[in-house]
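J.: The structure follows.
The values are calculated or read from the model by the stated rules, or taken from the named source; none is laboratory data. All values reported here derive from a predicted model rather than from experimental measurement. Don't worry about glycine lacking a Cβ; one is built from the backbone with ideal geometry, like all the others, and counts go over all protein chains shown. What goes into the accessible areas is simple: the full protein's heavy atoms, side chains included, and nothing from ligands, DNA or RNA. Shrake-Rupley method; radii C 1.70, N 1.55, O 1.52, S 1.80 Å.
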Amino acid sequence: MAAARTLLRHNPLLWLLLFVPVLFIAKALAPDAHTMLFVMSVLAVVPLAALLSHATESVAAKTGDAVGGLLNATLGNLTELVIALTALQAGQYMLVKASVAGAIVTNSLFMLGASFLLGGLKHHVQDFNRIGARLQASLLVLATIALLVPSTVAEPGLASSSAFTQTLSLGLSVMLILAYGLGMLFSLKTHPELFASAEHGSGDEAPWPIRVALILLAVVTVLVALVSEVFVESVQEAAAAFSMTPAFVGFIVVALVSGAAEMASAFAGARRNRLDLSVGIALGSASQIALFVAPVLVLLIYVLGPTPMDLQFWPGAVVMMLIATLIAVLVTNSGRSTWFVGVLVLMVYVIFAMTLYLLPPVSNDRAA
Amino acid sequence: MAAARTLLRHNPLLWLLLFVPVLFIAKALAPDAHTMLFVMSVLAVVPLAALLSHATESVAAKTGDAVGGLLNATLGNLTELVIALTALQAGQYMLVKASVAGAIVTNSLFMLGASFLLGGLKHHVQDFNRIGARLQASLLVLATIALLVPSTVAEPGLASSSAFTQTLSLGLSVMLILAYGLGMLFSLKTHPELFASAEHGSGDEAPWPIRVALILLAVVTVLVALVSEVFVESVQEAAAAFSMTPAFVGFIVVALVSGAAEMASAFAGARRNRLDLSVGIALGSASQIALFVAPVLVLLIYVLGPTPMDLQFWPGAVVMMLIATLIAVLVTNSGRSTWFVGVLVLMVYVIFAMTLYLLPPVSNDRAA
Amino acid sequence: MAAARTLLRHNPLLWLLLFVPVLFIAKALAPDAHTMLFVMSVLAVVPLAALLSHATESVAAKTGDAVGGLLNATLGNLTELVIALTALQAGQYMLVKASVAGAIVTNSLFMLGASFLLGGLKHHVQDFNRIGARLQASLLVLATIALLVPSTVAEPGLASSSAFTQTLSLGLSVMLILAYGLGMLFSLKTHPELFASAEHGSGDEAPWPIRVALILLAVVTVLVALVSEVFVESVQEAAAAFSMTPAFVGFIVVALVSGAAEMASAFAGARRNRLDLSVGIALGSASQIALFVAPVLVLLIYVLGPTPMDLQFWPGAVVMMLIATLIAVLVTNSGRSTWFVGVLVLMVYVIFAMTLYLLPPVSNDRAA
């Protein structure tokens, strides 16, 4: 209980945990109040994601770098994975694809840009280890190319094209996971000295005892799954109530909600002039989604699901991912940043958000 | 008068001022000699643009950095603004869009490339302050993304799409102007030390007294407006006479004419091994057009005009702007140049010019 | 004969020369055994390409840098040129275009990536002269832009469009050859000191006497032409037998076969920690194909051929060339490499190969 109290003091976000029981009660009493349920599920997911991330790090801290890295990759985006699987079970393939693309774009533009801006407002010029940033950015470039090619060469109207996209997506998924694994081998085993000052994870709070962490991991994952179900059920109608387009919800809202906990860590790091941490979290999350979550979803759905999911995205989403990735490459190339770099990166994000918000519904139907 | 004589000696371009009265006389005597009027209006605009630019700098020199920077941004591309407004009044939206895109491409490829080549033919290797260049190039990248997104996600055939593009263009315009303002805040107020050796404007001639400058500013702006009117009226028929496509005229001819004065300064700087100056003028002009002139046009036309103008460009123009911007980023990244870098950049410009010159008329109708 | 024996000992590839007579005998006995003839012609081309390349270097070594460079450019890709001319005579325009695009992609991704990987498995971190690499990469970017623009702005369905593409292709071809020549002038005459440690060609074996080299050059060129004829005749049916798509054959198989000899040199250089050599061969070959072989083909076919060939490529091929070129720019920017950089570059190549292998036949018909 002492640990819990310390935790609450350091993470005011956790007070939001109160919304978890409130949500389930509200759901039982008023199952059709979609807008209210949507808002509550958003508020409830945020602290759960924070707990999940801290529990994962505690387990990882106990197991040594290599296994810890693997655990972090597997569990670090558990929130995203669970939300996505819930949405897929509800047949919302478009929402899932939009949220994968949105998570990549949000992490590499919003999280990175806001870190640069918040850090730059406090510190005149900030330096960071650009080798770590470059590794993550290179992995992102690879993933974006993998997502770009099927969308570019496939001919929309053809039956053969759909089988082609499906087979290609399976092959690409296996390759992306392999690239992710080799990237870990490179950064943890063969060339760790290049990544000297880059630290992943928050590293600030004492890790929990392993048993506590494992139990929390199990309990919180179940809770996230239950909350996600409400979220996925209510999101479309709530979006309509706020006059948000489905593309905007998938790309922006879901991505911001499921990344909230990591953003808190990244921004805190930037304020304390530890930009390595912020850049590592932002680009690391983006590349985990692109090279681990998305391909695992494709393979899981192929094995489990009724209809397979492919990696063919709406062209607009591909363009946005491509731009976000290139911006990440350009911006991390020099290894230093100021507030204005943050402004520029955030503005690109605002351009995308504005475009998706205004997108007329016809395009929207295909926006995934 | 002494000032005027010194000016003429330093700026042989100003002898072209004789074409201003000649043009108006010719217009009165032979209103249908479009080709002749076109050639004369081109020759008359060049010295007026030079005067306008020098008068602006004289006013800016008197007012201190911050206001001076703002004045430079507002008035520095007055020629482009006046020509564009005249063309918009004549309903030539396509010409205006082509000339905006063309100015960005011409400044960041032709002006930059020719500066590198002319400087490199005289000096073995030239260095320049790459931080200033990188700021302008980053602003250009932002602007290009802003112009790319509406053209990418909009569906051409839909009515809803047109309203979407219009609203989006207004939002993007406000954002680009904001980015431009923040860029000035960054380079003039918060981080001026990064831009140490970069100087904008020619800085070589003594500034004029403020009263002379202000009167000249007013008189010359009116003259530019009158000359532009003849230019815009005659350009299409003259183009046909020279068998130039409308796309070529808008993209290449208008851009070269209205940038002639700045090009003279940039090339002179490069020859004197002051490449900071050349790069600053070339990329600074390009980003002023993209982040100030184009959005101001959109907002002005929205308030004043009968039909609003949007920021949706012909895909070919977007591709060219994107390539020009990326080339500017790549080429200024190292902070040094040789003649061959200039050749490569100029060749990209020649590829674009050749393509637009040969473009068959069907595509041409949409080329804006 | 002593030279021949030494050569055989250093180049075990040359044992494959036995397949040259075997191929012609097989062709006479079983003219319809396409699959067997295809495999044999592949095996016979590889050692001939190696001989051709060594003979060219021997001649170049005798003539001094400038003429030698020119000879290397003209004859260095003789294999590619002869195969392409044979295919064009057989009317296989699509195969030729695919193999040009494929050679650019294969050299700048597969040859470069495999060199980084093979070198990196032996050496922890490898450095190379990035100025030489950057020159070749810049030339490649120029060539890719030249190939991108006609494909982007042309409207597929129009008759005027075809004439436009044809005229534009001729203009672009002249310009690319000019750029290639100026690049040689820059690297050999005006700024050779920048390229200090970069050496082109293998430079390891003693050059042959000039008479031997010239005779070999003539004899081997004729042999390559004869073998290519069998190769081009059998490739499509053999591809069907191996269930390879025509796009895959043109892009991947032809490119790998005709570059085999250069690859052997590049990989050997990387293992001996002479990465300058590997990068020079990989990017040098790619830019020779793009700025010399392809434009020479266009001009030759315009003068000789019945139907002219243009530089308009299948959009998928353009995207692949563009990505390959940008990867080459990004990867050579830092001047150092590790095994993981090689893995990433190779994975992009595998993505392309996988896509082309799986491409359904409808798209395939246009894939050139």
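J.: Does any residue of the range A:105-150 lose at least 40 Å² of accessible area with all protein chains in place compared with its chain alone, and if so which ones (probe 1.4 Å)?
T.: A:His124, A:Leu142, A:Ile145, A:Val149
J.: May I pose another question? About the Cα centre of the range A:261-368, how large is the charge dipole given +1 on each Lys and Arg Cβ and -1 on each Asp and Glu Cβ? Please answer in debye to the nearest 20.
T.: Its charge dipole is roughly 380 debye.
J.: Further, regarding this structure: How many Cβ atoms of partner chains, on average, are near each residue of A:171-179 if near means within 10 Å of its Cβ?
T.: 3
J.: What list of whole percents do you get for P(r) of the range A:217-341, with Cα-Cα distances grouped in 10 Å bins up to the one holding the largest distance?
T.: Distribution as computed: 10, 30, 38, 19, 3 percent.
J.: 7 Å along Cα→Cβ for the label point: how many nanometres lie between B:Ala218 and each equivalent label in the other copies, listed shortest first?
T.: 8.5, 8.5
J.: Right, another one. What is the calculated FRET efficiency for C:Leu300 to A:Val222, with r their C-beta to C-beta distance and R₀ = 60 Å, to the nearest 0.05?
T.: 0.30
J.: What is the list of residues in the range B:226-265 whose amide nitrogen lies under 14 Å from a point 7 angstrom out from the Cα of B:Ala30, following Cα to Cβ?
T.: Inside the label zone: B:238.
J.: With a 1.4 Å probe, what is the total accessible area buried between chains A and B, in Å² rounded to the nearest 100?
T.: Approximately 2500 Å², summed over both chains.
J.: How much of the calculated P(r) for chain C lies past 29 Å, in percent of all Cα pairs?
T.: For chain C, the share of Cα pairs beyond 29 Å comes to 39 percent.
J.: Give the residue from C:Val253, C:Phe24, B:Ser285 lying farthest towards the positive end of the charge dipole for the protein assembly as shown; charges sit on Cβ (+1 for Lys and Arg, -1 for Asp and Glu) and the dipole is referred to the Cα centre.
T.: Result: B:Ser285.
J.: Take the Cα atoms of the range B:262-307, build their convex hull, and give its volume per residue in Å³.
T.: Each residue corresponds to 59 Å³ of Cα convex hull volume.
J.: Only Lys, Arg, Asp and Glu count, each charged at its Cβ (+1, +1, -1, -1), so figure out the dipole size of the protein assembly as shown about its Cα centre, rounded to 20 debye.
T.: Around 1920 debye, computed over the protein assembly as shown.
J.: Inter-copy label distances at B:Pro31, 7 Å along the Cα→beta-carbon direction, one decimal in nm, shortest first?
T.: Ordered by distance, the counterparts are at 7.8, 7.8 nm.
J.: Enter the Cα centre distance for the pair the range B:255-332 and the range B:126-154, rounded to the nearest angstrom.
T.: 10 Å
J.: Further question on the same structure: Where does chain C land at 222 nm, in deg cm²/dmol rounded to the nearest 500, when only DSSP H runs of n ≥ 4 count, each adding -39500 (n - 2.57), divided by all residues?
T.: So the helix-based figure for chain C works out to -24000 deg cm²/dmol.
J.: Carbon-plus-sulfur fraction of the accessible area of the protein assembly as shown, 1.4 Å probe, in percent?
T.: Ligands and nucleic acids excluded, carbon and sulfur give 69 percent.
J.: Calculate the FRET efficiency for C:His10 and B:Leu8 from the Cβ-Cβ distance with a Förster distance of 56 Å, rounded to the nearest 0.05.
T.: Here the calculated transfer efficiency is 0.15.
J.: Continuing with the same structure: Might you report the magnitude of the Cβ-based charge dipole of the range A:178-310 about its Cα centre, with Lys and Arg at +1 and Asp and Glu at -1, to the nearest 20 debye?
T.: Once rounded to the nearest 20, the dipole reads 280 debye.
J.: Take every Cα-Cα distance within the protein assembly as shown, group them into 10 Å bins from 0 onward, and report for each bin the whole-number percent of pairs it holds.
T.: Going from the shortest bin to the longest, the percentages are 2, 10, 18, 22, 20, 15, 9, 4, 1, 0.
J.: Can you list the distances in nanometres, one decimal and ascending, from the C:Glu193 label point to the identical position in each other copy, with the point 7 Å along Cα to Cβ?
T.: 3.3, 3.3
J.: Which whole number gives the average, over all residues in B:335-347, of C-beta atoms from other chains lying within 10 Å of the residue C-beta?
T.: Counting Cβ atoms of other protein chains within 10 Å of each residue's Cβ and averaging gives 4.
J.: Reachable lysines from C:Lys122, Cα under 24 Å, same-chain residues fewer than 8 places away excluded?
T.: C:Lys122 reaches A:Lys189.
J.: Follow-up question, since we're still on this one. Putting +1 on Lys and Arg Cβ atoms and -1 on Asp and Glu Cβ atoms, find which of A:Leu117, C:Gln126, A:Gly91 reaches farthest to the positive end of the dipole of the protein assembly as shown.
T.: Positive-most Cα among the choices belongs to C:Gln126.
J.: Separate question: When the Karplus curve 6.51 cos²θ - 1.76 cosθ + 1.60 is applied with θ = phi - 60°, which whole-Hz ³J(HN,Hα) does each residue of the range C:212-222 get, with x for Gly and Pro?
T.: Those phi angles translate into 4, 4, 5, 5, 4, 3, 5, 5, 5, 4, 4 Hz.
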